[in-house]
Amino acid sequence: MFLPLLACAPSTPLTASPDAQATPEADATLDPHSAAEPHRVRTTHAAITFAVDFDAQRIQGRVVYDLDRADPAAPLRLDTRDLTINSVSLISSEGDPSEVTFRLGDPDPVLGRSLEIDLLADTEQVEIRFQTLPEGSGLQWLAPAQTAGKAMPFLYSQSQAIHARTWWPCQDTPGVRMTYRATVTVPQGLVATMSAAQETAQTDAASGTFQFIMEQPIPAYLVALAVGDLEFASISERAGVWAEPAMLKRAAAELRDLEAMMKAAEALYGPYQWDRYDVLFLPPAFPFGGMENPRLTFATPTILAGDRSLVGLIAHELAHSWSGNLVTNVQWSEIWLNEGFTTYFERRLMEALYGVERANMEWSLGYQDLQVTLQETAAAPESQWLHLDLVGQDPDAGLSDVAYEKGALFLRTLETRYGRERFDQFLRAWFDQHAFTSVTTEEFIRFADGNLFTAPPADGGQHEDLEAWIHGPGVPPSAHLTPTAAFGAVDTLRAAFLDDGDVTPLRDAAWSAHEWLHFLRGIPAGVDGQRLSQLDSGLDFSHSANYELLAEWLEISIREGYDPAQPAVEAFLLEVGRRKFLVPLYRALAASDLPRAKEIYARARPGYHAISQGTLDAMLEFR
Ligand code: BES
Ligand code: ZN
């Protein structure tokens, strides 16, 4: 058998995959970002109640855990951060809960405090009462002014990577899975949604009580809640859209291919395992593009371009229903197993739905992003490995295009070298045989040894050098790049325009958003200011409905000191909280006019999510 990695990876200890059969004797390599000791006591089911109080910006909660006690002498260990624990009770098969004392560990700024509970011989369940604090990073409480309707408040959770512990005490590691039930009470007139099946009777909804059940075991970071003035529009029997009423029509129109996307995904890698698939559009403060909460993706409204040009993001979150939600990275150091696989899968979906040319453009744009990241991190080569070392770090800090784009490129290279048919069978088997478990890079390599590298590559060359991808910087020379003729044509027209300033050929080009994005990315630093006003008056980028293009254009405008676009810069920063857009815009602002960057940030900051605030506080030295 071909063992390309195992023989030469002294730096990576084998990590335990705590599947359901884990025993106390099993390798107990623990998640460095969690206090849980799941090989001794693990939570298997959570029955939760959340009472949502918008006035106090607080959730009052109660959770009852079912336990798997592999070690009868061991305490239950949970994670908390900025969370108040009111009481803990033990429940035996006999009877009523009996209150007990508990221990909170010393606070760590990243990890929070462990919650340790001694169990009795007959303890079957543990009940914990708790309440959230306004500063907890896992919830964002929005004022009515931050919503589309401007009349009602909004609340949503964002738990990946380790923010779940700020809104309920849990074993906050992707290595532990559980089922859950939840009852959520909200002020009358508001609607609660969760990453679970709705079980609410009409009458209960009217009075503000909502019920949910998740029957498939999932890790804590995939438990999600949103409350607002929400309505639903159906797209197919099993797919639909949630949004504020003002946004609903637009959202449903943008996602009209959702069912086709699900079918394409199933044709590639097997049946969708989560029954329904809905997408919830949040207000623009949401710090990410999308979050793959099971059955209910959370999405930024900034992908509603009107022409479906940005639905690659939905393909991405849908793909996580296999890579991430079904087969999950056991620790955040292995996040390429979630994000790299998903980015690869996303591009396959785009190819199936919209053709190979569009998919190739997305591969190309992704590769450009990766190149920028690799340049920026040249001084930290280990941050360019697929398998990261995040011990002692905030796992959110380890997230970069390396996991996404280098990870996807690795799989793309395997696909090309071993043949698409063989690779697809292999990937489908990976999902099938690891469904509802958490996995390591080592396991993936072993699986590839047994199921993909059993015969030489179809191209007749040597086996792929896995070590170079997984424990090496940059991109190996064997990487399969995807040039696109379309971008070559864009380069030609851009050069002509920079030369003569004539926008007519650009107007006539009938480009897709992807081509425009490539066009803008190639506008050189120090470009003649006249060219920018020619572009702006000819093509009106400052008012683009496509936020990817708008953000790119505004960044250029800041960099080049193009004054007419500055009101649009400010309006954008005050409206949108998506970190991917904020970081380059504030970086450009800080480089050109630091006091102005700080002044705008001071005004916009209260509307941003804690995750975006954290990144920008550090970048702009805000205190
Ligand atoms: N799971 C991620 C978001 C995430 C990753 C949140 C790590 C917190 C920690 C999600 O699937 C994602 O990747 N979103 C991207 C969009 C995607 C098309 C690249 C985003 O939000 O930009
Ligand atoms: Zn993702």
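The values are calculated or read from the model by the stated rules, or taken from the named source; none is laboratory data. What you see is a predicted model; the values in this text were computed from it and never measured. Note: ideal-geometry Cβ built from the backbone for every residue, glycine included; neighbour counts use all protein chains shown. In case anyone asks, the SASA skips ligands and DNA or RNA and just uses the protein heavy atoms, side chains included. Shrake-Rupley method; radii C 1.70, N 1.55, O 1.52, S 1.80 Å.
Assorted remarks:
- Of all the criteria given as (1) more than 10 Å from ligand 1 (Cβ to nearest atom); (2) of a type outside the set (S, T, N, Q); (3) in contact with a helix residue (DSSP H, G or I) (Cβ under 6 Å, 6 or more places away or on another chain), the one not satisfied by Tyr367 is (3).
- Within region 153-166, being within 16 Å of ligand 2 (Cβ to nearest atom) and polar (S, T, N, Q) holds for Gln158, Ser159, Gln160.
- The test for being within 16 Å of ligand 1 (Cβ to nearest atom) and either more than 19 Å from Arg605 (Cβ to Cβ) or in contact (Cβ under 8 Å) with a residue 40 or more places away in the chain (or both) holds for Ala164.
- Residue selected from region 109-128 under the condition in contact with a Ser or Thr (Cβ under 7 Å, 6 or more places away or on another chain) and under 29 Å from Tyr608 (Cα atoms), by the criterion most open to solvent (accessible area, probe 1.4 Å): Arg113
- Unique residue being in the same structural domain as Leu409 (by TED's automatic domain parsing), away from ligand 2 (no atom under 14 Å from the Cβ) and part of a loop (DSSP other than H, G, I, E, B) when the list is Leu365, Leu386: Leu386
- Spans of strands (runs of 3 or more DSSP E) in region 53-108 with at least 1 residues assigned by TED's automatic domain parsing to the domain that holds Leu142 and surrounded by fewer than 17 Cβ atoms within 10 Å (Cβ to Cβ): 58-69, 83-92, 98-100
- Pick from region 391-425, criterion crowded, with 19+ Cβ neighbours inside 10 Å, under 20 Å from the mean Cα position of the chain (by Cα) and among the acidic types (Asp, Glu), ranking: farthest from Asp31 (Cα to Cα): Glu405
- The listed residues are Gly290, Gly324, and the only one of them that is open to solvent by 10 Å² or more (accessible area, probe 1.4 Å), within 22 Å of Met194 (Cβ to Cβ), within 14 Å of ligand 2 (Cβ to nearest atom) and of a type outside the set (Val, Ile, Thr) turns out to be Gly290.
- The set of residues from region 296-319 being more than 16 Å from ligand 2 (Cβ to nearest atom) and in contact with a strand residue (DSSP E or B) (Cβ under 7 Å, 6 or more places away or on another chain) comprises just one member, Pro301.
- Looking across region 341-362, the residues that are part of a helix (DSSP H, G or I), open to solvent by 10 Å² or more (accessible area, probe 1.4 Å) and away from ligand 2 (no atom under 13 Å from the Cβ) come down to Arg348, Glu351, Ala352, Leu353, Tyr354, Val356, Glu357, Arg358, Asn360, Met361, Glu362.
- Taking every residue in region 391-410 that is under 17 Å from Val372 (Cα atoms) and assigned to a helix (DSSP H, G or I) and pairing it with any residue that is more than 10 Å from ligand 1 (Cβ to nearest atom) and open to solvent by 50 Å² or more (accessible area, probe 1.4 Å), at least 6 positions away or on another chain, the pairs with Cβ-Cβ distances below 7 Å are Glu405/Tyr367.
- Restricting region 327-338 to residues that are of a type outside the set (Phe, Trp, Tyr) and within 13 Å of ligand 2 (Cβ to nearest atom), the residue that is surrounded by the most Cβ atoms within 10 Å (Cβ to Cβ): Leu337
- Test result for Arg428, under 16 Å from Ala319 (Cβ atoms), out of contact with any Lys or Arg (no Cβ under 8 Å at 6 or more places or on another chain) and loosely packed, with under 15 Cβ neighbours inside 10 Å: yes
- Residue among Ala264, Ala224, Ala260 that is touching a residue at least 24 places away in the same chain (Cβ under 8 Å) and buried (at least 23 other Cβ atoms within 10 Å of the Cβ): Ala224
- When Asp172 is tested against the conditions (1) of a type outside the set (A, V, I, L, M, F, W, C); (2) surrounded by fewer than 21 Cβ atoms within 10 Å (Cβ to Cβ); (3) within 16 Å of ligand 1 (Cβ to nearest atom), the lone failure is (2).
- Of the residues making up region 16-49, those that are among the hydroxyl-bearing types (Ser, Thr, Tyr), modelled with pLDDT of 95 or more and surrounded by fewer than 19 Cβ atoms within 10 Å (Cβ to Cβ) number 2.
- Of residues in region 138-152 being surrounded by fewer than 21 Cβ atoms within 10 Å (Cβ to Cβ), part of a loop (DSSP other than H, G, I, E, B) and touching a residue at least 24 places away in the same chain (Cβ under 8 Å), the one nearest to ligand 2 (Cβ to nearest atom): Ala148
- Taking each residue of region 321-335 that is closer than 16 Å to Arg295 by Cα and looking for partners that are hydroxyl-bearing (Ser, Thr, Tyr) and within 11 Å of ligand 2 (Cβ to nearest atom) with beta-carbon atoms closer than 7 Å, six or more apart or interchain, yields Ser323/Thr342; Gly324/Thr342.
- Test for Pro483: is it assigned to a loop (DSSP other than H, G, I, E, B), at negative phi, surrounded by 18 or more Cβ atoms within 10 Å (Cβ to Cβ) and out of contact with any Cys (no Cβ under 7 Å at 6 or more places or on another chain): no
- Count of residues meeting criterion [among the acidic types (Asp, Glu) and touching a residue at least 40 places away in the same chain (Cβ under 8 Å)] in region 522-578: 2
- The residue that is nearest to the chain's Cα centre (by Cα), counting only those in region 505-516 that are surrounded by fewer than 17 Cβ atoms within 10 Å (Cβ to Cβ) and closer than 24 Å to Gly306 by Cβ, is Ser512.
- Listing of strands (runs of 3 or more DSSP E) fully contained in region 227-313 that carry 2 or more residues being within 16 Å of ligand 1 (Cβ to nearest atom) and among the aliphatic types (A, V, I, L, M): 277-281, 296-299
- When Thr454, Thr440 are screened for being surrounded by fewer than 18 Cβ atoms within 10 Å (Cβ to Cβ) and among the β-branched types (Val, Ile, Thr), only Thr454 passes.
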